Structure formats: C-alpha cells, structure tokens
Amino acid sequence: MELSTVKNILFWVVGDNMTYATRLGALMFGLAATASIPAWAAQETTGRPLEHQLNMQLPVNGLGADIYSLHNWMMIICLVIFVAVFGVMFYSVFKHRKSLGHKPATFHESTAVEIAWTIVPFLIVIGMALPATKSVVALKDTSNADITIKATGMQWKWGYDYLKGEGEGIAFLSNLSTPRAQIGLPGEPATEKRGENYLLEVDNEMVVPVGKKIRMVFTANDVIHAWTIPAFAIKQDAIPGFVRDGWFTAEKIGTYRGNCVELCGKDHAFMPIVVRVVSNEDYTAWVNTKKKEMAALADDPTKVWTIDELKTKGEQVYTANCVACHQANGKGVPNAFAPLDGSPVVNGAKAHQIDVLLNGQDTPAYASAMPGWKQLSDTEIAAVITYTRNSWSNKAAENIVQPAEVLAARSK
Ligand SMILES: [Cu+2]
C-alpha cells in the first residue's frame, strides 16, 4: 500500500493532523474506552472539503464534535466486530478443516450460545443507540435561537430571508459565482483554469455572527433541495409546501461551504451554499450596509423607464436567472427549454408574456416546465421581458413593458 493510502485510512479512522503514533494511540484509546476522540479540536477547520479527503469535515461546534466522535466510535465498533467475527470464522474454517481429519459436530440447540448471541448484540445496540439518541435530540432543539433565517431552494440557487433577530428583513438570492469559462458547456471545454473554490462560491454569501444560535427554516419553490454546511453539523431537506427547521452555532470566524445535497435537476451541481461567520461588530456593520443596499434597490413600481434602461437592466436579470435554461443566444435547448429567439410568446401580446413570467408555463411541447418568477421584482420582470422582446431576431410590436403593468398583473 502506498503511504498516502495508509494515511487516508488513518484519517478515516481517527481524524486529521495527528502524528501516526498519536493516531494509533487514539485508535487504541478509542478501542479501549471512549467514544470521544478530540481530533477536531487540534486542527484548524478549512470550512470545505480537502482533496482526497476520506473522513468527514472537521466540525466547528460542540454538536458537530459529538457527531464526529460518534461516527468514529461507530466505525471502531464495526471494525472490532468485523475483525472478531471474521477472525473466529477463518480460524475455525482453517484449523478444523476436513483434510486434517476433523468431523463436523452434530449438536443442535445450545441454550448458552443462544442466550449469548441475543444478549451481546442487544448490548452493542444499546451502546450505540444511547449516545446517538442524545445527539439526535440535541439536533432537533431549535428553541431560544438568536437569529432565524429562512433558506429557500430554487432551481438552481438559494434565497435567504432573515426572519427574526438582528438583521430581520434582509432578503437576497445567492447564485453560483464560478465563471462559465471555468466550467465549460457540453462539447465546449472550459477555457479558464479552475479557481480555488471552484463550484463552491457564490455572489451573495449568507452572513451570521460567531457564537450565536442560528435557527434555519427550510423550504423550496419547485422541487426538493437540501441545505447543508458539513462543518456546522446541519443538513436538512428543503421541500416545496413544507417548512422544516434545524439549527447551528458557528464557534469559529471563517467561511464555510456546502452544496445542495438533493438531486434537483440539471444544475444541481451549481447551487453551492456559502456561510460567512463574522464577529458581532462585523455582523452589525454587514446588516447596516445590506439594509442600505436594499433600500437603494427597492423598486418604485410607478417609475416610468426608458426602453434602453429596461434593456440594460433586463440583460442583467436574464444573465442571472434565465441563461441556465434559455442560453445566452436565446435559442434554448431542443425539446427541453423553449427558444425565446423567435418565440410566439415573446413576439405576441405582452399581457400573455407577463402572465408566463409570473405564473410559469407547462405545455406538452417541452419535457420540463417554466417556473414562475414571482420572487423577482416588478422592475426586474418588466426589464427582462423588454430585453427579450428586443433581442436576437425578435421585433415585437409591443416592445416595452413598464413595472406598473407587472404590478397590475400580479394583483389580478
Ligand atoms: Cu438543489
């Protein structure tokens, strides 16, 4: 075996960044007595998976440490059972083989053996279930949170709403920020080298203060997604029409990364989760900037825009929300995503297109459906419609839509 393989196996058993002697020591220690191997405390967490990592990511809170130790402890129990059972089996088969003249025993029922093989597994199960139950109960206790944040899964991004506590009212969308040039397209290789946080970076990170209890509420707009930050020991499905919750505290300042962990469609791999943990003062500062930013961005749906203003804004909205399916050239993907270039909807009556944007569309012509975009603002919807009506080969007769028209359609 290569040294790195041995190293990985040891990582897998006891954790990271210990000398081999300590690793073996910890292994023995674990075997002999305890379920808590404090490997995590000795090591700086990276907040993201490492290359060739076999063990779980290092936790940054007590609950995560419990789960980590529990995991190691269970692995050790499994290993001991494995070695003991197969050891006895292979020894017996080898030592008492027929060619040495052994005759098979013919006994039936042995009360002693039957009692032993009922009681021993029972004790093993109790020994595993007790500490596990303690952790599961703690995982579910979302009471007395300092801040409550709602995460909404959408194809293929996350929306965050700060519902309670400092920062209440803040809401934003979080999109993958890795450039297309690093990813490439089918049949079109990437042209740029992959960055350090390839596919684990976003434009708007969720920000929380260090050491505070954060309650997370999860739901989804379209299909099932799942939210996790492994280092925080939190993982929960986000299900349309349901609200689930979970909680974490982050005890170290830093940036922590995760992924959507429920297969949710074509761009499942492209909706990472990034949480930045900052000091309490930095958090207050972030809340203030974010609130100012939101006030500045807040739309005035009665404002009348020029067509050029709408086209410029519409292109941004299109790039952020629509290219994944309809492509930058507006040609879509045959049979899957409708082309907008030359589309009868985009070149037809504007009222109908507003309706498609707000409520979605699902015709038999395409395998998938167009989701509704109610979560975009009136201005964003008006802008993206105006943009599509004047782009590529489209020359719609009604070539401009104002935010007020979207607002009116919304309340219908
Ligand atoms: Cu997803």
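The values are calculated or read from the model by the stated rules, or taken from the named source; none is laboratory data. Just so it is clear, the model here is predicted, and its values are computed rather than measured. Cβ placement follows ideal geometry from the backbone for every residue including glycine, while neighbour counts extend to all protein chains displayed.
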Check your understanding: Tell me, which residue of region 317-329 that is over 24 Å from the mean Cα position of the chain (by Cα) and without any contact (Cβ under 8 Å) to a residue 12 or more places away in the chain is surrounded by the fewest Cβ atoms within 10 Å (Cβ to Cβ)?
Key -> Ala328
Study note, to complete from the structure: Picked from region 265-285 (must be under 10 Å from Val208 (Cα atoms) and of a type in the set (A, V, I, L, M)), the residue farthest from the ligand (Cβ to nearest atom) is Val278
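Check region 157-165 and report whether any residue there is in the same structural domain as Thr46 (by TED's automatic domain parsing) and in contact (Cβ under 8 Å) with a residue 60 or more places away in the chain.
No.
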Study note, to complete from the structure: Being surrounded by 13 or more Cβ atoms within 10 Å (Cβ to Cβ) and either out of contact with any His (no Cβ under 7 Å at 6 or more places or on another chain) or among the aliphatic types (A, V, I, L, M) (or both) narrows Asp282, Asp300 down to just Asp282
Study note, to complete from the structure: Going through region 250-264 in order, the residues found to be part of a loop (DSSP other than H, G, I, E, B), more than 7 Å from the ligand (Cβ to nearest atom) and under 30 Å from Ser368 (Cβ atoms) are Asn259, Val261, Leu263
Point to revise | Boolean, Asp245 is under 15 Å from Lys140 (Cβ atoms), within 13 Å of the ligand (Cβ to nearest atom) and assigned to a strand (DSSP E or B) | key: no
Exercise for review: Sort out which residues of region 287-319 are more than 26 Å from Gly169 (Cα to Cα) and aliphatic (A, V, I, L, M), and write them in order of number.
Suggested key: Val304, Ile307, Leu310
Exercise for review: Report the residue count in region 365-396 for those that are in a loop (DSSP other than H, G, I, E, B) and either touching a residue at least 24 places away in the same chain (Cβ under 8 Å) or crowded, with 24+ Cβ neighbours inside 10 Å (or both).
Suggested key: 17
Revision key, fill the gap. In region 335-368, anything at pLDDT 90 or above and among the polar types (S, T, N, Q) is listed as Ser343, Asn347, Gln353, Asn359, Gln361, Thr363
Review point. What is the number of the single condition among (1) modelled with pLDDT under 95; (2) farther than 26 Å from Thr46 by Cβ; (3) within 16 Å of the ligand (Cβ to nearest atom) that Ile239 does not meet?
Key: (1)
Check your understanding: Wholly within region 120-209, which strands (runs of 3 or more DSSP E) include no fewer than the required count, namely at least 2 residues that are under 24 Å from the mean Cα position of the chain (by Cα) and exposed (fewer than 12 other Cβ atoms within 10 Å of the Cβ)?
Key -> none
Check your understanding: With respect to the numbered conditions (1) assigned by TED's automatic domain parsing to the domain that holds Trp247; (2) away from the ligand (no atom under 15 Å from the Cβ), which one is the sole condition not fulfilled by Asp300?
Key -> (1)
**Study point:** Count of region 222-234 residues which are under 15 Å from the mean Cα position of the chain (by Cα) and either within 14 Å of the ligand (Cβ to nearest atom) or of a type in the set (D, E, K, R) (or both)
**Key:** 6
Practice item. Check off (1) modelled with pLDDT under 95; (2) under 14 Å from the mean Cα position of the chain (by Cα); (3) of a type in the set (A, V, I, L, M, F, W, C) for Ile253 and give me the number that stays unchecked. Key: (2)
Review point. Among the residues of region 100-109, is any more than 21 Å from the chain's Cα centre (by Cα) and either surrounded by 10 or more Cβ atoms within 10 Å (Cβ to Cβ) or closer than 30 Å to Val210 by Cβ (or both)?
Key: yes
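Quick one: is Glu262 more than 14 Å from the chain's Cα centre (by Cα) and either over 27 Å from Ile400 (Cα atoms) or not aromatic (Phe, Trp, Tyr) (or both)?
No.
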Practice item. Spot the failing condition for Arg215; the list is (1) away from the ligand (no atom under 16 Å from the Cβ); (2) under 30 Å from Ser143 (Cα atoms); (3) out of contact with any Phe, Trp or Tyr (no Cβ under 9 Å at 6 or more places or on another chain), and only one is missed. Key: (3)
